[in-house]
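What follows is a set of notes on a single structure, which appears directly below.
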Amino acid sequence: MKPILSSFTLIATGLLLGYGIRLLFEKGVLGPNERLGRLRSFLQRLVLLGLGPVTFAGALWIVEIREPKIALLALIGAFCHIFGGAAAALVARLFRMAPPQAGAFFCCGFFTNVGAIGGLVIFMFLGEEGYAMVPLFKLLEELVYYGIGFPVARLYSNGAKKKAGGSLLPRLLRDPFLRVAVGGLVLGTALNLSGIPRPAFYSSLNSLLIPLSTVLLLASIGMAMRFGKTALYLKEGFTIIFLKFLLVPAACVSLAALAGLDGIAGGLPLKAVLVLSSMPVAFNALVPPSLYGLDLDLANSCFLVSVLGLAALLPALHFALGLL
């Protein structure tokens, strides 16, 4: 019960803290509203470029990664996004959504919160060894985001303005978030294979930094949350919950079991797939709708409903993990 309460408390704290800060900025208490965007950017960069690589490298340092099959986590992670987006696109056709709504719904199915919320939940439920699976699962995330997610979302737009051109590979190579994430993955793997023992203090350090990183990242998300029209999209929101919390994890766990991940490290990779593929809509799902003129209210509503759905998801996950 403690991991469930701790996870939900930290997630709620981060989101509500960010939302409260946003309200204070809007009332002028914390200064001009323009500073809010800079604060959000600072917190995201602090976590993704600073704290994240430290925690991931430290967790990878001690996990058993000598089984080659564990590399399949990267492919399953990519499949998680692609399958979720494809399922959402199919549902959008069944619901006869107009292109702006269908595109936003696709984004909500495609983009999954593997990092901030997934990382915290897996750390609380499976410890550092489970947390070490996160960078492997996320390894191809940037590639599928920018190579598939954004281009497909643009197809739903109606005369939307085009953004940064150029081929995909150079843009990915210039992305500091991708470079730092890969650097942390390489460093952690190298330390693991080197046989150098990890310092004893690192466990306590990660126990502090991983929850702190989640709270800070979710606070940056909370600063942009809007509740105004959520009630108008409850059907879409509950449909996304079905896709994200049931259909996608069922497909991903089945794929992981077929790949034999249940026979590695006591089934730890399979459990990691269950947790990470069950996560709610990522805040990234709001970016393509704002760029390409899609239904931002629908995307925002599905994001909020799926995050609130964690109240039911976390106990269900805890029970399911006990069965694996």
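The values are calculated or read from the model by the stated rules, or taken from the named source; none is laboratory data. Since this is a predicted model, take the numbers as computed values, not measurements. Glycine gets a Cβ as well: all are built from the backbone with ideal geometry, and neighbour counts include every protein chain shown. Note: accessible area is taken over every heavy atom of the protein model, side chains too, but ligands, DNA and RNA are not part of it. Shrake-Rupley method; radii C 1.70, N 1.55, O 1.52, S 1.80 Å.
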When the chain is fully extended, how far beyond the present Cα-Cα distance does Ala312 get from Ala257, taking 0.36 nm per residue of separation?
-> 17.3 nm
Please give the per residue accessible area of the chain, computed with a probe of 1.4 Å over protein heavy atoms only, in Å².
-> 45 Å²
Between Leu324 and Leu5, what is the FRET efficiency for a Förster distance of 22 Å, r being their Cβ-Cβ separation, to the nearest 0.05?
-> 0.55
Relative contact order of the chain, pairs being alpha-carbon contacts under 8 Å that are 6 or more residues apart, as % = 33 percent
Carbon and sulfur atoms: what percent of the 1.4 Å accessible area of the chain do they account for?
-> 68 percent
If the limit is 19 Å between Cα atoms, which of Lys27/Lys229; Lys69/Lys271; Lys69/Lys244; Lys69/Lys138 go over it?
-> Lys27/Lys229; Lys69/Lys244
Cα gyration tensor, region 216-259 - rounded (a/c under 1.5), prolate or oblate = oblate
Can you send over the solvent-accessible area of Arg35, 1.4 Å probe, protein chains only, in Å² to the nearest 10?
-> 120 Å²
Helix 72-94 sits off the longest principal axis of the Cα atoms of the chain, rounded to the nearest 10 on a 0 to 90 degree scale, by 20 degrees
Does region 232-289 come out rounded, prolate or oblate, given a ≥ b ≥ c as the square roots of the eigenvalues of its C-alpha gyration tensor, rounded meaning a/c under 1.5 and, failing that, prolate meaning a/b above b/c?
-> prolate
To the nearest 10 Å², what's Glu67's accessible area with a 1.4 Å probe?
-> 70 Å²
Acute angle (nearest 10 degrees) that the helix 248-258 long axis makes with the longest principal axis of the chain, alpha-carbon atoms = 30 degrees
Per the chain: cysteines with no other Cys C-beta under 4.7 angstrom?
-> Cys80, Cys107, Cys252
Order of 263-270, 129-136 by packing, highest average Cβ count within 10 Å first?
-> 129-136, 263-270
Looking only at region 22-53, which residues have a backbone nitrogen under 17 Å from a spot 7 Å from the Cα of Ser194 in the C-beta direction?
-> 53
As a check on your grasp of the helix formula, calculate [θ] at 222 nm for the chain: sum -39500 (n - 2.57) over DSSP H runs of n ≥ 4, divide by the residue count, round to the nearest 500.
-> -21500 deg cm²/dmol
Specify whether the C-alpha gyration tensor of region 172-270 places it in the rounded, prolate or oblate class, a ≥ b ≥ c being the square roots of the eigenvalues: rounded for a/c under 1.5, otherwise prolate if a/b is larger than b/c and oblate if not.
-> oblate
Choose one answer from Phe56, Phe95, Phe110: the residue with the largest mean-square fluctuation in a GNM of the chain with alpha-carbon springs under 10 Å.
-> Phe95
Using only Cα atoms, find the angle between the long axis of helix 2-26 and the longest principal axis of the chain, and express it within 0 to 90 degrees, rounded to the nearest 10.
-> 40 degrees
